[in-house]
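We did not get these values from a lab; they are worked out from the coordinates using the rules stated. Since this is a predicted model, take the numbers as computed values, not measurements. Every residue, glycine as well, gets a Cβ built from its backbone with ideal geometry; the counts of neighbours run over all protein chains shown.
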Amino acid sequence: MREARYRQPYRWTRSNTLVAVLVGGLLLSLPWFQLNIEPSVPLGLYHLHAVQAPLTYGMLVILPVPVSVERWHVRSTPLLKPVAAVGGDVVCVDHGTLYIGMEPYGQVHTEADGTPLPHMTGCLRVREGEVFVASKESRSLDSRYFGPVRVEDLTAWATPVITWR
């Protein structure tokens, strides 16, 4: 009969921590990965890809922070937002709520921290070569505050590697 051998449980060491930090830092420093800490899309690590047409609904895109909203977001951290409307789609604000088609996307705030926010009013048709980025999450800083984005101004599109919330 064979004796069962006792195995010591695996222990996490300082060396493991150092290697994990180095590998994590390397991944985050690569230009084709981005860590998202904004709540408008799931928190996590995203793999970035070159922007190619056609862009579709729900596709996550990276864009530089528009000048009109720099006051509310750090310029050095680009925005990660879902595409909610493409060329030809109609987007409206009615009674303080954003609608894309007939679907409500939440409230359009008119101020933040006591400061007036630029925001959309009425309706607009997204032009060809533009996208309207918006999230249904409360307080998402998106196209309802800075308008449609030209596709050529998008930096990348993103797919989640690992996410959490």
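Subtracting the Cα-Cα distance from 0.36 nm times the residue separation, let me have the gained length for H47 to R127 in nm, one decimal. Write out the running numbers ahead of the final one.
Working: separation 80, 0.36 × 80 = 28.80 nm, distance 2.80 nm.
Gain in length upon complete extension: 26.0 nm.
With labels modelled as points extended 7 Å from the Cα through the Cβ direction, what inter-label distance (nm, one decimal) is found for Y99 paired with V67?
Here the answer is 3.4 nm between the modelled labels.
Using all alpha carbons of segment 67-136, what is the percent of pairwise distances in each 10 Å bin, ordered from the shortest bin to the longest?
The percentages, shortest bin first, are 18, 47, 33, 2.
So how do 61-68, 31-38, 122-129 stack up, highest first, on mean other-Cβ count within 10 Å? Before the final figure, lay out the partial values.
On the way: 61-68: 17.0, 31-38: 14.2, 122-129: 12.8.
Ranked by mean Cβ neighbours within 10 Å, highest first: 61-68, 31-38, 122-129.
Roughly speaking, what is the stretch gain from H109 to R7, that is 0.36 nm per residue apart minus the C-alpha to C-alpha distance, in nm to one decimal? Can you show the working numbers first?
Values: separation 102, 0.36 × 102 = 36.72 nm, distance 5.86 nm.
Using 0.36 nm per residue and subtracting the Cα-Cα distance, I get 30.9 nm.
Divide by every residue of the chain the summed helix terms, -39500 (n - 2.57) for each DSSP H run of at least 4, and state the resulting mean residue ellipticity at 222 nm, rounded to the nearest 500 deg cm²/dmol.
On the way: 2 runs with 20 residues, N = 165.
Per the formula, -3500 deg cm²/dmol.
Using a simple spin-label model with points 7 Å from Cα along the Cα→Cβ vector, what separation in nm is obtained for S138 and C92?
So the two model labels end up 2.6 nm from each other.
Among (1) 1.16; (2) 1.03; (3) 0.96, only one was calculated for this model; which label is it, if the read-out is Rg/Rh (Cα atoms, Kirkwood Rh)?
(1)
Once both axes come from the Cα atoms, what is the angle between helix 14-29 and the longest principal axis of the chain, in degrees from 0 to 90, rounded to 10?
Roughly 30 degrees between the two axes.
Taking 8 Å as the Cα distance limit and 6 or more residues as the minimum spacing, I'd like the relative contact order of segment 59-165 as a percentage. Provide the component values of the computation, followed by the final result.
Values: 204 pairs, mean separation 33.1, N = 107.
Computed value for segment 59-165: 31 percent relative contact order.
Using unit Cβ charges (K, R positive; D, E negative) and no other charged atoms, how large, in debye to the nearest 20, is the dipole of segment 34-164 about its Cα centre?
Computed charge dipole of segment 34-164: roughly 80 debye.
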